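One structure is given below, encoded as structure tokens.
The values are calculated or read from the model by the stated rules, or taken from the named source; none is laboratory data. Computed from a prediction, not measured in an experiment: that's the story for all the values here. Neighbour counts run over all protein chains shown; Cβ positions are idealised from the backbone, glycine included.
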Amino acid sequence: MPANDLESPTPDGPLRIALLSYRGSPRCGGQGVYLRNLSRELTALGHRVTVFSGPPYPELDPGVRFVAVPSLDLYKAPGPFKTKAWKKIRTRTDVREFWEMMSGRFPEPMTFSRRARDLVLARRHEFDLVHDNQCLGAAVLDIADAGLPVIATIHHPLTVDVDTALAHIEDPRWARSIQRWYSFVDTQKVVSRALPRVLTVSDASKRDIVAQMGVSADALAVVPVGTDPDRFAPRPEVVRLPGRIVTTASADGPLKGLVHLVEALAKVRTERDAELVVVGKPALGGPVMEAIDRFGLQDAVRFVHDITDDELVRLYAEAEVAVVPSLYEGFGLPAVEAMACGVALVATTGGAIPEVTGPDGLAALLVPPADAGAMASAILTLLEDPELRSDLGTRGRARATAMFTWRLCAERTAAQYQELLGSTS
């Protein structure tokens with residue numbers, strides 16, 4: 001039975017959930033978006049959710065409890081990789097965090113799991129189970145060993161990120177640095193294999209987790225994530241701007257495929273006027289900025305970041321076309337958010353994106369990953385065909401609201417909690 005001295009959960013009854021995330025802000029990527037929306041909808045279903053998160057801290061809705069898990073916050077902008085952080089060292093975990101950073105590794109999953117373990121176990125009587133949001137640090141297993149059932153979500157296997165980063169380096173001498181940075185992935189493999197239940201967000205991610213992380217297919221359950229159809233919705237009062245293209249890039253890395261979209265934009269502009277708005281922050285001097293300079297697109301590409309959901313929805317409403325150029329997506333939140341907003345979508349076939357959009361032409365025009373020519377052709381097709389844009393937007397909205405909402409995600413996640421508790425009782 002769950003390790004606590006309060007009343008045990010009843011079948012299909014309210015649960016007391018500790019939801020762990022080593023980073024919580026929805027502005028840092030999909031994990032933060034998942035944390036906020038899942039915690040809100042689980043609370044709306046009657047469960048009691050306590051979020052344990054490291055910095056940057058989450059934006060949570062009323063009713064969700066929060067426990068901060070402070071760290072040295074070594075990667076906080078501006079001025080990441082702060083060597084003066086040694087002045088803040090107080091514990092052995094602090095020492096390990098600082099040393100791992102200085103050694104070129106990414107320590108947050110490991111050090112967060114240690115700090116969260118201590119905080120959770122000090123209050124173990126308050127929880128029926130623990131849900132780990134892709135931290136998978138070694139100390140997560142200590143929580144399970146102490147008797148609290150643990151379930152985890154893997155949005156996509158980070159082995160894909162490693163392989164993509166290695167494939168895109170120009171100087172082979174950087175390979176060792178990349179492998180060192182991602183060394184925590186080896187621990188994630190060990191921890192995920194040891195857990196009785198792991199959630200993932202798509203069939204594509206499930207196949208890759210089995211193949212690349214060695215997790216048993218029997219231990220994996222697919223629970224798609226989604227969107228808030230009331231928040232992400234068409235804005236018919238907003239006028240679409242001719243030639244406006246929008247994309248969301250939560251990270252400035254090769255996996256997001258933004259370089260290929262920049263090249264596609266250059267091809268589109270040989271035939272007609274077009275501009276690109278990127279929701280994200282590029283790395284100065286990085287491949288994306290180099291591509292913008294190379295193609296002379298300084299006046300045709302604009303970056304916005306740290307915007308609200310309302311501002312994002314308005315950007316979709318102003319756009320004639322949204323693009324998801326990713327080489328791989330474990331699910332593809334930007335795709336489903338664009339669909340929910342009723343904007344015509346061009347997307348790649350990378351990872352789970354076809355699961356979200358459906359067959360080519362149903363809710364998006366699909367193109368091969370890294371194919372700037374095919375991407376440009378699809379964008380031009382939509383820019384020149386308002387009827388097709390309208391049809392795609394309508395079909396996308398219908399598919400998103402029927403199949404991919406946060407309420408459905410919460411209901412299916414809660415069912416997995418109940419199955420886990422039933423198997424451990």
Practice task
Name every residue in region 394-404 that is buried (at least 22 other Cβ atoms within 10 Å of the Cβ) and assigned to a helix (DSSP H, G or I), in order of residue number.
Solution key: Gly396, Ala400
Exercise for the section: Go over the candidates Ala363, Ala370 one by one and state the one that is closer than 22 Å to Thr270 by Cα and either of a type in the set (Asp, Glu) or assigned to a loop (DSSP other than H, G, I, E, B) (or both). Expected result: Ala370
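This table checks each residue for (1) within 16 Å of the chain's Cα centre (by Cα); (2) in a loop (DSSP other than H, G, I, E, B); (3) buried (at least 22 other Cβ atoms within 10 Å of the Cβ); (4) of a type in the set (D, E, K, R).
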position: Pro14; (1), (2), (3), (4): no, yes, no, no
position: Ile17; (1), (2), (3), (4): no, no, yes, no
position: Arg23; (1), (2), (3), (4): yes, yes, yes, yes
position: Arg27; (1), (2), (3), (4): yes, no, no, yes
position: Asn37; (1), (2), (3), (4): yes, no, yes, no
position: Thr43; (1), (2), (3), (4): no, no, no, no
position: Gly46; (1), (2), (3), (4): no, yes, no, no
Practice task
Only one of these is in a helix (DSSP H, G or I), in contact (Cβ under 8 Å) with a residue 40 or more places away in the chain and surrounded by 18 or more Cβ atoms within 10 Å (Cβ to Cβ): Val160, Val185. Name it.
Solution key: Val160
Exercise for the section: Using the structure shown, decide if Ala138 is of a type in the set (A, V, I, L, M) and in contact with a His (Cβ under 8 Å, 6 or more places away or on another chain). Expected result: no
Problem - Candidates Ala370, Ala317, filtered to the one that is at positive phi and either assigned by TED's automatic domain parsing to the domain that holds Val262 or under 17 Å from the mean Cα position of the chain (by Cα) (or both) - result: Ala370
Practice task
Starting from residues that are touching a helix residue (DSSP H, G or I) at 6+ places or on another chain (Cβ under 8 Å) and assigned to a helix (DSSP H, G or I), keep the ones in region 163-179 and report whichever is surrounded by the fewest Cβ atoms within 10 Å (Cβ to Cβ).
Solution key: Ala167
Practice task
Identify, by number, the condition in (1) outside any helix (DSSP H, G or I); (2) out of contact with any Ser or Thr (no Cβ under 7 Å at 6 or more places or on another chain); (3) buried (at least 23 other Cβ atoms within 10 Å of the Cβ) that Gly330 doesn't meet.
Solution key: (2)
Handout entry: Some residue of region 103-116 being among the acidic types (Asp, Glu), assigned by TED's automatic domain parsing to the domain that holds Gln179 and in contact with a helix residue (DSSP H, G or I) (Cβ under 6 Å, 6 or more places away or on another chain)
Key = no
Handout entry: Lone qualifier among Asp230, Asp293, Asp299, Asp218 - being more than 18 Å from the chain's Cα centre (by Cα), surrounded by fewer than 18 Cβ atoms within 10 Å (Cβ to Cβ), at pLDDT 95 or above and closer than 24 Å to Ala167 by Cα
Key = Asp293
Practice task
Provide a single number: the residues in region 368-391 that are closer than 22 Å to Asp208 by Cβ and out of contact with any strand residue (DSSP E or B) (no Cβ under 6 Å at 6 or more places or on another chain).
Solution key: 3
Problem - Candidates Phe106, Phe112 - the one that is in a loop (DSSP other than H, G, I, E, B) and under 23 Å from the mean Cα position of the chain (by Cα) - result: Phe106
Exercise for the section: Go through (1) among the charged types (D, E, K, R); (2) assigned to a loop (DSSP other than H, G, I, E, B); (3) in contact (Cβ under 8 Å) with a residue 40 or more places away in the chain and name the single condition Asp273 misses. Expected result: (3)
Fill in the blank from the handout: Filtering region 64-76 down to residues that are surrounded by fewer than 19 Cβ atoms within 10 Å (Cβ to Cβ) and either touching a strand residue (DSSP E or B) at 6+ places or on another chain (Cβ under 8 Å) or part of a strand (DSSP E or B) (or both) yields Arg65, Phe66, Val67, Ala68
Handout entry: Out of Ala204, Ala211, Ala266, sole residue that is farther than 24 Å from Glu108 by Cα, not assigned by TED's automatic domain parsing to the domain that holds Pro109 and not in a strand (DSSP E or B)
Key = Ala266
